[in-house]
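**Student:** This structure is in structure tokens; I'll ask about it shortly.
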């Protein structure tokens, strides 16, 4: 057991609880910058995320804040997308022996994308809502929803990033949902997505279970503490700081 990793999990969990920003965008680049193999970092983070998303998904299911139809449409695209991404990683590893380099560069670009998404939600939210896409019923956007799932699912499988942040941005600006339903739907879909990705990575030997245990040891109390304080401390400035940290991490990996 590593106290340092547990403390890192505590800090990441606290920031997630305070800001709602996805933990993978904070955690995966830090693990890589600490010297952990990129493939192991991605696989471990996905497996770890599936456990944390399980508890949130159960809670939202009980509260009936999950849009099952949207989860189904997103999953129709995201599950094949994540399988394709992990298959492509294996292909690069087997034939080109540059799997780690591919992951690091992909992580860098996606981190920049995630940081941009956080900034948009933090500072331009009111200017982008409402819009013409939100008023259309879900059935009219079925193809678009599946396509969004496929693209972002591929990104998640490749980098472990985006299961919350990128999907959440798409749902905020393209669909009309209550905040509680948006969060519940996002978490329920993310659980399905990262569970499939985590299981595939585990089957390929890309998960460090001791690292998962250390991270959970710190992140669970961190999330609880952050969630408790989130109503007392303004989250907007903190989100901006987190976006800058994610951007810096991304630029270092590109």
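The values are calculated or read from the model by the stated rules, or taken from the named source; none is laboratory data. Keep in mind it's a predicted model, so treat the numbers as computed, not measured. Here Cβ is always computed from backbone atoms with ideal geometry, including for glycine, and neighbour counts include all displayed protein chains.
**Student:** Output yes when any residue across segment 139-161 is assigned to a loop (DSSP other than H, G, I, E, B) and closer than 26 Å to residue 237 by Cα, and no when none is.
**Tutor:** The answer is yes, given that some residue of segment 139-161 is assigned to a loop (DSSP other than H, G, I, E, B) and closer than 26 Å to residue 237 by Cα.
**Student:** Before we move on, is residue 40 at pLDDT 85 or above, in contact with a helix residue (DSSP H, G or I) (Cβ under 9 Å, 6 or more places away or on another chain), under 14 Å from residue 215 (Cβ atoms) and assigned to a loop (DSSP other than H, G, I, E, B)?
**Tutor:** No.
**Student:** Are there any pairs, at least 6 apart or on different chains, whose C-beta atoms fall under 6 Å, with the first in segment 164-187 and modelled with pLDDT under 85 and the second assigned to a loop (DSSP other than H, G, I, E, B), and if so, which?
**Tutor:** Correct list of pairs: 164/22; 165/22; 180/65.
**Student:** Being crowded, with 16+ Cβ neighbours inside 10 Å, under 16 Å from the mean Cα position of the chain (by Cα), at pLDDT 85 or above and part of a helix (DSSP H, G or I) is the requirement here; does residue 6 meet it?
**Tutor:** Answer is no for this residue.
**Student:** When you go through (1) surrounded by fewer than 18 Cβ atoms within 10 Å (Cβ to Cβ); (2) under 30 Å from residue 93 (Cα atoms) one by one for residue 211, which number turns out not to apply?
**Tutor:** The number of the failed condition is (1).
**Student:** Kindly indicate whether any position in segment 203-219 is assigned to a helix (DSSP H, G or I), at pLDDT 85 or above, in contact with a helix residue (DSSP H, G or I) (Cβ under 8 Å, 6 or more places away or on another chain) and farther than 17 Å from residue 31 by Cβ.
**Tutor:** no
**Student:** For segment 166-182, which positions are within 13 Å of the chain's Cα centre (by Cα) and within 17 Å of residue 57 (Cβ to Cβ)?
**Tutor:** Once the filter is applied, which keeps residues that are within 13 Å of the chain's Cα centre (by Cα) and within 17 Å of residue 57 (Cβ to Cβ), segment 166-182 yields 167, 168.
**Student:** Would you call residue 52 part of a helix (DSSP H, G or I), under 19 Å from the mean Cα position of the chain (by Cα) and surrounded by fewer than 22 Cβ atoms within 10 Å (Cβ to Cβ)?
**Tutor:** So residue 52 fits the description; yes.
**Student:** Which of the residues that make up segment 55-68 are farther than 20 Å from residue 200 by Cβ, surrounded by 13 or more Cβ atoms within 10 Å (Cβ to Cβ) and touching a helix residue (DSSP H, G or I) at 6+ places or on another chain (Cβ under 8 Å)?
**Tutor:** Within segment 55-68, 56, 60, 61, 65, 66, 67 meet the criteria.
**Student:** Determine whether residue 16 is farther than 22 Å from residue 182 by Cβ, in contact with a helix residue (DSSP H, G or I) (Cβ under 7 Å, 6 or more places away or on another chain) and in a helix (DSSP H, G or I).
**Tutor:** no
**Student:** Between 83, 114, which is crowded, with 19+ Cβ neighbours inside 10 Å and either modelled with pLDDT under 85 or not in a loop (DSSP other than H, G, I, E, B) (or both)?
**Tutor:** Among 83, 114, only 114 is crowded, with 19+ Cβ neighbours inside 10 Å and either modelled with pLDDT under 85 or not in a loop (DSSP other than H, G, I, E, B) (or both).
**Student:** Do we have residue 46 as more than 18 Å from residue 199 (Cβ to Cβ) and part of a helix (DSSP H, G or I) here?
**Tutor:** no
**Student:** Then there's this: Could you tell me whether segment 193-202 includes any residue that is under 23 Å from residue 104 (Cβ atoms), surrounded by fewer than 18 Cβ atoms within 10 Å (Cβ to Cβ), in contact with a helix residue (DSSP H, G or I) (Cβ under 9 Å, 6 or more places away or on another chain) and at pLDDT 90 or above?
**Tutor:** yes
**Student:** Given the criteria surrounded by fewer than 23 Cβ atoms within 10 Å (Cβ to Cβ), out of contact with any strand residue (DSSP E or B) (no Cβ under 8 Å at 6 or more places or on another chain), at pLDDT below 95 and under 20 Å from residue 194 (Cα atoms), does residue 90 qualify?
**Tutor:** yes
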